[in-house]
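Novice: Pasting a structure below so you can have a look.
The values are calculated or read from the model by the stated rules, or taken from the named source; none is laboratory data. Owing to the predicted nature of the structure, the values given are computational and were not obtained by experimental measurement. Positions of Cβ are generated from backbone atoms using ideal geometry, with glycine treated the same way; all protein chains shown enter the neighbour counts.
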Amino acid sequence: MSKVPADLKYTKSHEWVRTRADGTMEVGITDHAQHALGDLVFVEVPEAGRVVKAGEPCAVVESVKAASDVYAPLAGEVTAGNPKLSGEPETVNTDPYGEGWLMRLRPAPGALTGAALVSAADYQKVLEAEGG
Amino acid sequence: MRLPLFLFGGSLGRQTPLFKLHQELGARIVDFGGWDMPVQYSSQIGEHHAVRRAAGVFDVSHMCVVDLRGARVRGLLQQLLANDVAKLRTPGKALYSCMLNERGGVIDDTIVYYLSDSWFRAVVNAGTRDKDLAWIRRYAQASGVEVTERTDLAMLAIQGPEGRAKAVQLLTPAGAGAALALPTFVGREVGGWFVARTGYTGEDGFEIMMPVGDAMPAWRKLNSLGVASCGLGARDTLRLEAGMNLYGNDMDESTQPYESGLGWTVALEPPDRQFIGREALAAIARAGSPRKLVGLLLEDRGVLRTHQRVVIPGGGEGEITSGTFSPTLERSIAFARVPAGSGDAVQVDIRGKLLNARVVKPPFVRFGQSLIGLSKGPS
């Protein structure tokens, strides 16, 4: 059973979002996603300053077997990509909700109200519907 | 993100006699050539290292074992195969070969064992089973050769530096002695099983064909001896590191052996052996193949994948036929089909960026050791 922390928001496409004290949003992929992908061997994160639209591919996670795009959960400007992941991509497997975060975003004005984010309980239902 | 598709319960394809055991062991099941097969049990990289460093066991029962019996069987195979079974003189000796169409395109690759003057055994790929059997039968009829699909057999591959020592613990002491005495690329009957010193990983090991009922207890015994259950994911990274082709990726009916790194398997001598595809191949051999298959090592960070575009400096393009992350080298490696005149430095288009790759001679890894220089690390 994969972990779904109650204090985070989620997308139905398996990204998570955490609101930080400074108002930026930290983004990563869920435990379910990292498990489904398997051992990650390469992660490409966006550079600070890049402006992204909601749903835009903004990072790539690659397992031995395949490459997958990660979509921006909401519109905004990237304030940081996780620098640790270029040397230690497996961190996303071992700590998907902590050290394995992918990027931080400053949300665009109004981005939060329009974002298609769901609660932990609703994301859990998405997983159950997928049979995982 | 879009997650890879796995099969959760419910049968979609054919299953090997070990399917229930794979499920019980928690394997992730995928479709492979119409078969429900385990792609990994716990960690694909962990399974890869188990084979390079100790021992692992693979279920390869989806592959098709075909027995060919008849007085004229050697002549039939000399017609059907691009390599020459005349090379097989010792019973049990195996030969790797392509089976070609008239244009020289590869119908399949196969390992064929010489068992007696009236009995050969071929192992062909799962995904090509039906067309292979139809092709073989078409010619076998005229030679009076009987073609039997051995669906009564399961096949396990036990691979790795400790693979043979572990595998022989499934046998009687006399059988173990006989199996351990097998030279490379030779098989023999041992206590009702066919044990061959072959594999698809670049490590020492056995491939064992056994009655389907023996497969599950054999697998459990191997696990209890510390042999890791390994899926098709690890099998793919191991074979690519070992410089071995995968049918459907690196060659198919639209490509010929000389542009697939398989020229060494084509026996144009003796000149009077009329194998199917000979005329096409002889013409290519005379003129020189316009394309070649090379090994690539990615110098920049990233992962090479099948179908990525290869850009040749000074003009020309090629394509990756198999690409992956190499767990042993901790770098990305690939096979690519490129113009024959390409040099040692190429670029690969990965999501619109041109990354640098170096042409290297496969195999990349053999017996646990890197065979290529890694002086320049990824930037």
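Novice: Go through (1) within 14 Å of another protein chain (Cβ to nearest Cβ); (2) in contact with a helix residue (DSSP H, G or I) (Cβ under 9 Å, 6 or more places away or on another chain); (3) of a type in the set (D, E, K, R) for B:Arg273 and report which single condition fails.
Specialist: (1)
Novice: Got a sec? Which helices (runs of 4 or more DSSP H) wholly within the stretch B:143-243 have at least 3 residues that are within 23 Å of the chain's Cα centre (by Cα)? It would help to see each step written out before you state the result.
Specialist: Details: elements: B:163-167, B:173-180, B:212-224, B:232-241.
Helices (runs of 4 or more DSSP H) meeting the threshold: B:163-167, B:212-224, B:232-241.
Novice: Does at least one position in the stretch A:42-64 carry a residue that is surrounded by fewer than 23 Cβ atoms within 10 Å (Cβ to Cβ), hydroxyl-bearing (Ser, Thr, Tyr), within 9 Å of another protein chain (Cβ to nearest Cβ) and over 14 Å from A:Pro107 (Cα atoms)?
Specialist: No, there is no match, as no residue in the stretch A:42-64 is surrounded by fewer than 23 Cβ atoms within 10 Å (Cβ to Cβ), hydroxyl-bearing (Ser, Thr, Tyr), within 9 Å of another protein chain (Cβ to nearest Cβ) and over 14 Å from A:Pro107 (Cα atoms).
Novice: Say whether the condition of being in a helix (DSSP H, G or I) and within 14 Å of chain B (Cβ to nearest Cβ) is met by at least one residue in the stretch A:109-125. Talk me through it step by step, then tell me what you get.
Specialist: Step one: list which residues in the stretch A:109-125 are in a helix (DSSP H, G or I), which gives A:111-114, A:120-125.
With the extra rule that they be within 14 Å of chain B (Cβ to nearest Cβ), the set shrinks to A:123.
Yes: one or more hits.
Novice: May I ask you to list the residues in the stretch A:37-61 that are in a strand (DSSP E or B) and more than 14 Å from the chain's Cα centre (by Cα)? Walk me through how you get there before you give the answer.
Specialist: Residues of the stretch A:37-61 in a strand (DSSP E or B): A:40-44, A:51-52, A:57-61.
A:Leu40, A:Val41, A:Phe42, A:Val51, listed by residue number.
Novice: Looking at the stretch A:85-101, is at least one residue part of a strand (DSSP E or B) and over 13 Å from the mean Cα position of the chain (by Cα)? Break it down stepwise before answering.
Specialist: Filtering the stretch A:85-101 down to residues part of a strand (DSSP E or B) leaves none.
The answer is no; no qualifying residue exists.
Novice: Please find, among B:Gly263, B:Gly316, B:Gly341, the residue that is crowded, with 16+ Cβ neighbours inside 10 Å and either at pLDDT below 95 or over 30 Å from A:Ser86 (Cα atoms) (or both).
Specialist: Working: B:Gly316 fails: crowded, with 16+ Cβ neighbours inside 10 Å; B:Gly341 fails: crowded, with 16+ Cβ neighbours inside 10 Å.
One residue alone meets the criteria, B:Gly263.
Novice: If you check every pair at least six apart or on different chains, which have Cβ atoms under 6 Å apart with a residue in the stretch B:321-344 that is closer than 13 Å to B:Leu296 by Cα and within 13 Å of another protein chain (Cβ to nearest Cβ) first and a residue that is surrounded by 24 or more Cβ atoms within 10 Å (Cβ to Cβ) and at pLDDT below 95 second?
Specialist: B:Phe325/A:Val64
Novice: Now for a different question. Output yes when any residue across the stretch A:27-39 is more than 24 Å from B:Glu330 (Cβ to Cβ), at the interface with another protein chain (Cβ under 9 Å from one of its Cβ atoms), out of contact with any strand residue (DSSP E or B) (no Cβ under 7 Å at 6 or more places or on another chain) and not small (Gly, Ala, Ser), and no when none is.
Specialist: First, the residues of the stretch A:27-39 that are more than 24 Å from B:Glu330 (Cβ to Cβ): A:27, A:30-32.
Then drop every residue that is not at the interface with another protein chain (Cβ under 9 Å from one of its Cβ atoms), which leaves A:32.
Now drop any that are not out of contact with any strand residue (DSSP E or B) (no Cβ under 7 Å at 6 or more places or on another chain), which leaves A:32.
Add one more test, that the residue is not small (Gly, Ala, Ser), and what stays is A:32.
Looking through the stretch A:27-39, at least one residue is more than 24 Å from B:Glu330 (Cβ to Cβ), at the interface with another protein chain (Cβ under 9 Å from one of its Cβ atoms), out of contact with any strand residue (DSSP E or B) (no Cβ under 7 Å at 6 or more places or on another chain) and not small (Gly, Ala, Ser).
Novice: Still on this model: If you take the residues of the stretch B:88-108 that are closer than 18 Å to B:Arg197 by Cα and of a type outside the set (S, T, N, Q), which of them is surrounded by the fewest Cβ atoms within 10 Å (Cβ to Cβ)? Spell out the reasoning first.
Specialist: Kept after step one, since they are closer than 18 Å to B:Arg197 by Cα, are these residues of the stretch B:88-108: B:88-97.
Okay, now just the ones that are also of a type outside the set (S, T, N, Q), so B:88-89, B:91-96.
Numbers: B:Leu88: 19, B:Arg89: 8, B:Pro91: 15, B:Gly92: 21, B:Lys93: 17, B:Ala94: 21, B:Leu95: 22, B:Tyr96: 17.
So the residue we want is B:Arg89.
This table checks each residue for (1) at pLDDT below 95; (2) touching a Cys at 6+ places or on another chain (Cβ under 6 Å); (3) under 24 Å from B:Gly13 (Cα atoms).
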position	(1), (2), (3)
B:Gly34	yes, no, yes
B:Met63	no, no, yes
B:Arg69	no, no, no
B:Ala82	no, yes, no
B:Arg89	no, no, no
B:Tyr96	no, no, no
B:Arg103	no, no, no
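Novice: Looking for something within 30 Å of B:His48 (Cβ to Cβ) and out of contact with any Pro (no Cβ under 9 Å at 6 or more places or on another chain) - is there at least one such residue anywhere in the stretch B:261-268? Step through it out loud before you land on a result.
Specialist: Here is the first cut: in the stretch B:261-268, the ones within 30 Å of B:His48 (Cβ to Cβ) are B:261-265.
Restricting the remaining residues to those that are out of contact with any Pro (no Cβ under 9 Å at 6 or more places or on another chain) gives B:262.
Yes - at least one qualifying residue is present in the stretch B:261-268.
Novice: Considering each of B:Leu304, B:Leu374 in turn, give the residue that is in a loop (DSSP other than H, G, I, E, B), more than 14 Å from chain A (Cβ to nearest Cβ) and within 24 Å of A:Ser86 (Cα to Cα).
Specialist: Details: B:Leu304 fails: more than 14 Å from chain A (Cβ to nearest Cβ).
Result: B:Leu374 is the single residue among B:Leu304, B:Leu374 that is in a loop (DSSP other than H, G, I, E, B), more than 14 Å from chain A (Cβ to nearest Cβ) and within 24 Å of A:Ser86 (Cα to Cα).
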